[in-house]
Structure formats: structure tokens, C-alpha cells
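Contents: one structure, followed by commentary.
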Amino acid sequence: MGNPDVEGVINGDQCWIELKSNARPARANTVIRSKTRESQSEWHRDRTAAGSRMHWVLIQVGHAHSAKLYLIPGSRYDEIVAVESYLAAMSKVEPDAPLAQVLLRACEGW
């Protein structure tokens, strides 16, 4: 079982972030398929069961200036195959948040 793409420490708080990137579908009701490997799902389930609240999935939907970022708690990894509005509802940051704010938020926990 591997580790997420990003591991960081801010002010002594460690966080782990799995990165996903998807094109924006033409229709709002089209499911975005960000979940990729069962080993990633297991990693997030194990961390959740151990009490961690510092593991995340950061999903980018769209490209360049139209891109939106969704910071989803790792405990919800199995729910990230969803329409964009559902990703937005699960996210702990606004979709237009600057990346620095997203990273700071990730080290705060859920």
C-alpha cells in the first residue's frame, strides 16, 4: 500500500493529501470518476479507523482559470465518484480558494 501524493507539516501539524485531476464534464449531472485504486481506499479507511483527521483528497475539476479545487476528507474517499455539486458539498474549502488556503486548511483537520 502506497502513500498519498503530498505529505506536509505546517506549524507542527502533519497532513496527507491524495491529488486527483479531472476534466469538467459537459453536463452538470455527469459523474466525475476520481476514485482510482482500491489500495488508496484502504489507506484512507485505515487512517480513519485509527482516528486520523489529517488525510484528504484534493480534486481539481477543470483546467487553467476555470479549475475548481475540492478538499474532501479522506474518510469520504469512497464517495468521490460523484457529480461536481456533490464534491462541492463535501469540500471543506470554497472551490475558488487559493492553493495556500487549501493547504493551511488541510493541516487543521476535519
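Taken together, the values in this text are just the output of simple stated rules run on the coordinates, not laboratory data. It should be emphasised that the depicted structure is a prediction, and the values quoted were computed from it without experimental measurement. Here the Cβ positions follow ideal geometry from the backbone for every residue, glycine too, while neighbour counts run over all protein chains shown.
Screening Ser52 with (1) within 14 Å of the chain's Cα centre (by Cα); (2) free of Cβ contacts under 8 Å to residues at least 40 places away in the same chain gives one miss only, at (1). As for the range 65-76, it holds at least one residue that is free of Cβ contacts under 8 Å to residues at least 24 places away in the same chain and assigned to a helix (DSSP H, G or I).
Residues are listed down the side, and each one gets a yes or a no for (1) surrounded by 19 or more Cβ atoms within 10 Å (Cβ to Cβ); (2) over 13 Å from the mean Cα position of the chain (by Cα):
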residue	(1), (2)
Trp16	yes, no
Ala26	no, yes
Thr36	no, no
Arg76	no, no
Gln101	no, yes
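Restricting attention to the range 41-51, does a residue exist that is among the hydroxyl-bearing types (Ser, Thr, Tyr), surrounded by 13 or more Cβ atoms within 10 Å (Cβ to Cβ) and closer than 17 Å to Ser91 by Cβ? No, the range 41-51 has no match at all. Just a yes or no: is a residue in the range 47-56 within 17 Å of Ser21 (Cα to Cα) and either out of contact with any Lys or Arg (no Cβ under 7 Å at 6 or more places or on another chain) or not polar (S, T, N, Q) (or both)? Taking every residue of the range 47-56 in turn, at least one turns out to be within 17 Å of Ser21 (Cα to Cα) and either out of contact with any Lys or Arg (no Cβ under 7 Å at 6 or more places or on another chain) or not polar (S, T, N, Q) (or both). From the list Ser52, Ser41, the lone residue that is in a loop (DSSP other than H, G, I, E, B) and of a type in the set (S, T, N, Q) is Ser52.
Scanning the range 54-68 finds one or more residues that are closer than 18 Å to Gln14 by Cβ and of a type in the set (Val, Ile, Thr). Being closer than 22 Å to Asn11 by Cβ, touching a residue at least 60 places away in the same chain (Cβ under 8 Å) and not charged (D, E, K, R) is not true of Leu99. With respect to the conditions (1) assigned to a strand (DSSP E or B); (2) farther than 18 Å from Trp110 by Cβ; (3) not aliphatic (A, V, I, L, M), Cys15 lacks only one, and its number is (2).
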